[in-house]
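This report concerns only the one structure given below.
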Amino acid sequence: MSDAPGSQPVTPKGGAGSASRRANWTATIATAVISLLLVGMIGRVAQLQLRPDERLKKFLQPRMSKASEIAPRGDLLDRRGRVLLASRLGERVFVDPTRLAQPYDQSLLKLSRALGVERASLAEKIYPAIAKNDQRAAAGEPLIRYVKITEVLDDYQIEAVRAVSIPGVYFEKRPVREGPGADLAAALVGRVDVDHLGQFGAERKFEAPLKGRDGALKYVRDSRGRPLWLESGSYAAPSPGHDVYLSIDARIQEIAEQEIERGVDEADAQGGRIVVVDPATGELLAMADIVRDLTGKVVPWGKRPQPGGVTRRAVIKPDPNRLIAAAAGRNRNFSDLYEPGSTFKPFVWSLITDGGYAKPDETFHTGGKTWITSYGRPIRDVVPKDSQTWREVLSNSSNIGMSQASERIPFMTLRNGLLNFGFGQPTGLGMSGERPGYLTPPAKWSKYTQTSVSFGQEVLVTSVQVARGFSVFARQGELAGTLPTLRLTAADAEPGRGAEFRRVIPYDVAVVARLAMLKVMEASDRRMQQKKMDVTFNYKLFGKSGTAQVAIEGERGYVPDQYTANFVAAGPLHSPRLVVVTVIDDPGPEQVRRLDHRGSAAAAPVCRRVLERALEYLGVQPDMKTAQELAEEKSRLRQAEAAAPVEADPHSD
């Protein structure tokens, strides 16, 4: 049956259209609800990330972790490439108190036996951490998971600990710095701290090239801290540090240490210092610093003698760091000042000569044992001489002659000349604790100062400054008279770097001074021969002795009957290779009584022995002696053997 024309279809009530509209509304509402929930969730996540609840903060940790890989530290080598200090990876033990096997006493007993230490020492470290963990657990705080037990272990200790296999006891790798430099030249080479960073000496000075750049590894981890995956490019390899070739020569350093220790013991001294320099290159070849423990034999530092007690005073300032490690103590060759006495005369003598204020062959009427300055100050000589040439004033070490000539040179001409020699200013080596020494300021420079400085008083120096200054007399050829720039790195390691120097005095003045100081060395050698010392004389040397009374910082005047004996020498005479400075701090009372406290007696033998051994090591041919020289030497020896007890050396002051 067909529909009538023009008729319209009839939609039942509640049909398909109504259902469709309901479905659309339902979907819209659901979408809105879900969107609101998503927005809420995102907001909550953001809130947790940006401003988490206090209760959650302690559980939140970044998902990306970074592990560092320590870069190998460069080696410190001597000038010939011999290792002074190098790094390796070692292992040390730590304990996780939360996992340490119980009963604790039994675990600690096993560990103490494996390590070879007392159980009580382990208990002192572990039990406090366990007690703290009990408190932290009750308070809901994070527990202690790491307690360091040892420093880096020896191989046999590592094997013993692994063998007992105690739960909660673990190993961790740590870099170790070791080598002969830990003992040999320790104060100069220095040391690293617990983080393997340069702390003292060369280790600190050359930290940048030695350290290198640590590597890093970034990775994603799960909520328990376990690695999940690595992303591309997340690993950066470590860049090793560079080796540094120091100017130190390990063999010459060994010789210097042996001889300064011997010299200090023979002089019953409180201590001693020694510096060896190559005058041609300015390389610091060796340096040592000895301090003896004389507890009970000297009055402690800073205290005065008491009636009826010990009268000898401590003259070396205590250094607690030295008790920790030799490399941690101050390097007294840079830090401790002393009055040089007559070893300062060559510098003043050469400046007076250079200025034309005195001629080498000019005669000075020194007037015997005492002479009065123009302003009324009495000056005395050890050995009286009515007259002597200006050249002899230096070789005889005449205080009177030096004082007379010093009245001719203007104050500031002398002071500025001494500055050119490097006194009153740092050496430029950049070592921590270095002091510049002392020259009286221009405004306070007086006639009294002028006289005192001429024979090494009212001036303070370091042994390194004296070694650098004396190199002016020891440089060869046209470089004689020039001051080298000291260096702590080997010259051969920097072939492109030219020699650095400045002229202080003319060439001819340096040579004349050198020949005058040959006489000083010969007189010192005769004394050694008379006393039949264990010394050889294969090389002609030149040098100067000095003896000064001790002055203690913070006090006025000098300490009675206590002295600083020092000597500076170089050789061989015609082509010097080495300069050696020796300082003996406070030779003992018996040496003072015998007049063996002077520089020519206490310090000169150390210089002679070091130069003899070091020059032979360097392959320097011994000086050839003529038949006449050998005959004269035998004659002097026969005369010395037949002589009465040794008299005071006229060249000592």
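Listed options for semi-axes √(5λ) of the Cα gyration tensor in Å are (i) 60, 33, 20; (ii) 77, 31, 24; (iii) 44, 32, 23. The value calculated from this structure is the one marked (ii).
Considering only 568, 529, 353, and ranking their Cα positions along the charge dipole of the range 250-642 that arises from unit charges at the beta-carbon of Lys, Arg, Asp and Glu, the one farthest toward the positive end is 353. Seen against the Cα atoms of the chain and their longest principal axis, helix 627-642 is set at about 80 degrees.
When the range 67-245 is described by a simple charge dipole with +1 on each Lys and Arg Cβ and -1 on each Asp and Glu Cβ, the residue from 233, 156, 197 located farthest towards its positive end is 233.
A crude spin-label estimate for the pair residue 365 and residue 33, with each label 7 Å from Cα along the Cβ direction, gives 12.8 nm.
Provide the FRET efficiency to the nearest 0.05 for the residue 447-residue 98 pair, computing r from the beta carbons and using R0 = 56 Å.
On the way: r = 79 Å, r/R0 = 1.40.
The pair residue 447/residue 98 has a calculated efficiency of 0.10.
Any chance you could give the angle, 0 to 90 degrees and rounded to 10, that helix 411-420 forms with the longest Cα principal axis of the chain? It works out to around 50 degrees. Report the FRET efficiency, 1/(1 + (r/R0)^6), for residue 303 and residue 143, where r is their Cβ-Cβ distance and R0 is 51 Å, rounded to 0.05. After rounding to 0.05, the efficiency reads 0.50.
A full extension of the chain between residue 216 and residue 407 corresponds to an added length of 61.8 nm, given 0.36 nm per residue minus the alpha carbon distance. The label-point distance for residue 503 and residue 258, in a model that sets each label 7 Å from Cα toward Cβ, rounds to 4.2 nm.
Each residue of the range 101-115 is assigned a 3J(HN,Hα), and the resulting list reads 5, 9, x, 4, 4, 5, 5, 5, 5, 4, 5, 5, 5, 5, 7 Hz, derived from the Karplus form 6.51 cos²θ - 1.76 cosθ + 1.60 (θ = phi - 60°), x at Gly and Pro. Taking a ≥ b ≥ c as the square roots of the Cα gyration tensor eigenvalues, with a/c under 1.5 meaning rounded and otherwise prolate when a/b beats b/c, else oblate, which class fits the range 67-245? It comes out oblate by the Cα gyration axes. Ignoring the sites themselves, the chain has its longest run without chymotrypsin sites (Phe, Trp or Tyr not before Pro) in a DSSP loop having at most 13 other Cβ atoms within 10 Å at 376-653. For residue 200, nonlocal amide neighbours, meaning residues 5 or more places apart or on other chains whose placed amide H falls under 5 Å from its own, are 191. Projecting the Cα atoms of 252, 269, 279 onto the dipole axis of the range 245-284, where Lys and Arg carry +1 and Asp and Glu carry -1 at the beta carbon, places 279 farthest toward the positive end. Here the contact order of the chain, divided by its residue count and restricted to Cα pairs under 8 Å and six or more residues apart, works out to 13 percent. Separation of the alpha carbons by more than 29 angstrom is noted, of 359/540; 125/211; 385/444; 447/540; 205/544, for 125/211; 385/444; 447/540; 205/544.
If you place +1 on the Cβ of every Lys and Arg and -1 on the Cβ of every Asp and Glu, how big does the dipole about the Cα centre of the chain come out, in debye to the nearest 20?
Working: 89 positive and 77 negative charges, 470 e Å.
Charge dipole of the chain: 2260 debye, to the nearest 20.
Taking the Cβ of each residue in 597, 574 as the centre, tally the other Cβ atoms inside 10 Å and list the residues starting with the fewest.
Details: 597 27, 574 10.
Placing the least packed residue first, the sequence is 574, 597.
Rule-based calculations on the coordinates, nothing more; no lab input. Not measured: the values here are computed from a predicted model. Counting neighbours? That spans all protein chains shown, and the Cβs are built from the backbone with ideal geometry, glycine included.
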